[in-house]
Amino acid sequence: MKLRLAQLIVADDIDINFQKIKAVLGVSEAEEWVTFPEGMLSGYSPADNEYIDKLSWEKIGKYKSEIARIVTSRKNRWRCHLPRHPYRKRNAEGAMANGFPG
């Protein structure tokens, strides 16, 4: 098994991050496991308290589908794991609105 660690700078722009992901997948080999930093697609902006509210969940979903298409078109289809939206707002009880634990 081969592992490719994509140590990239995560931008606060979904489009830029998606292009970076596509570039890494484009040069990786079909048998490699490719790992990206947390928040690689959605981005990360700790200085902006409203960053999560401004995310385009439709765009994230579209790009996740495209990443899955790229990965599953390769030799080893079972190696694609795309988490749900970890940044969704918490409800009043502190649990994530999308089902993640609080």
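Quick notes on this one:
Residues are listed down the side, and each one gets a yes or a no for (1) part of a loop (DSSP other than H, G, I, E, B); (2) of a type in the set (Ser, Thr, Tyr):
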| residue | (1), (2) |
| --- | --- |
| Ile16 | no, no |
| Gln19 | no, no |
| Ala30 | yes, no |
| Trp33 | no, no |
| Pro37 | yes, no |
| Tyr44 | yes, yes |
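- Scanning the range 46-64 for residues that are surrounded by 11 or more Cβ atoms within 10 Å (Cβ to Cβ) and in a helix (DSSP H, G or I) yields Tyr51, Ile52, Trp57, Lys59, Ile60, Gly61, Lys62, Tyr63, Lys64.
- Ser73 out of contact with any Gly (no Cβ under 7 Å at 6 or more places or on another chain), polar (S, T, N, Q) and modelled with pLDDT of 90 or more: no
The values are calculated or read from the model by the stated rules, or taken from the named source; none is laboratory data. Owing to the predicted nature of the structure, the values given are computational and were not obtained by experimental measurement. For neighbour counting, all protein chains shown are included, and Cβ atoms are generated from backbone atoms with ideal geometry for every residue, glycine included.
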